[in-house]
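The values are calculated or read from the model by the stated rules, or taken from the named source; none is laboratory data. From a predicted model like this one, the values you see are computed outputs, not experimental measurements. Methodologically, a virtual Cβ is constructed for each residue, glycine included, from the backbone with ideal geometry; neighbour enumeration extends over all protein chains shown. With ligands, DNA and RNA removed, areas are computed over all heavy atoms of the protein, side chains included. Shrake-Rupley method; radii C 1.70, N 1.55, O 1.52, S 1.80 Å.
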Amino acid sequence: QVQPVESGGGLVQPGGSLRLSCAASGSRFRYNAMGWYRQAPGKQRELVAAITTDYNTNYADSVKGRFTISRDNAKNTVYLQMNSLKPEDTAVYYCNTAPNILYSWGQGTQVTVSS
């Protein structure tokens with residue numbers, strides 16, 4: 001089963017930016033809508049951004065206008081550009097198919113927003 005590999009997280013000050021990447025193996029990547037999920041301590045995992053196979057995007061209200069999801073099917077990779085980061089964005093970020101989960105969960109990448 002496909003297990004994505006997320007990268008690009010780190011420690012950033014409020015108002016800063018990060019760009020996350022997620023690589024997923026397999027020939028069917030281009031046929032799957034993809035999403036970025038996050039899980040903060042003590043909270044459930046939530047879908048924050050999704051992109052369809054024809055590049056339509058959707059965002060949770062909490063990140064709308066600040067985050068941008070994109071994909072590169074030639075590289076089997078999905079990205080999340082995060083701007084104007086807030087402390088409440090602190091979480092482990094994962095990618096997977098969306099809205100139905102078809103892949104195994106990867107290790108995720110930690111994003112910490114703190115001064």
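Of note:
- Residue list for segment 69-86, filter: open to solvent by 40 Å² or more (accessible area, probe 1.4 Å), closer than 18 Å to GLY10 by Cα and touching a Phe, Trp or Tyr at 6+ places or on another chain (Cβ under 8 Å): GLN81, ASN83
- Spans of strands (runs of 3 or more DSSP E) in segment 1-71 with at least 2 residues not aliphatic (A, V, I, L, M): 5-7, 18-23, 34-39, 57-59
- Filter pass, TRP36 being open to solvent by 40 Å² or more (accessible area, probe 1.4 Å), out of contact with any His (no Cβ under 6 Å at 6 or more places or on another chain) and hydrophobic (A, V, I, L, M, F, W, C): no
- Residue match in segment 50-72 (condition: touching a residue at least 60 places away in the same chain (Cβ under 8 Å), more than 21 Å from SER104 (Cα to Cα) and either touching a Pro at 6+ places or on another chain (Cβ under 7 Å) or of a type in the set (A, V, I, L, M, F, W, C) (or both)): no
- For segment 1-25, the set of residues classified as free of Cβ contacts under 8 Å to residues at least 60 places away in the same chain, out of contact with any Phe, Trp or Tyr (no Cβ under 7 Å at 6 or more places or on another chain) and surrounded by 14 or more Cβ atoms within 10 Å (Cβ to Cβ) consists of ALA23 only.
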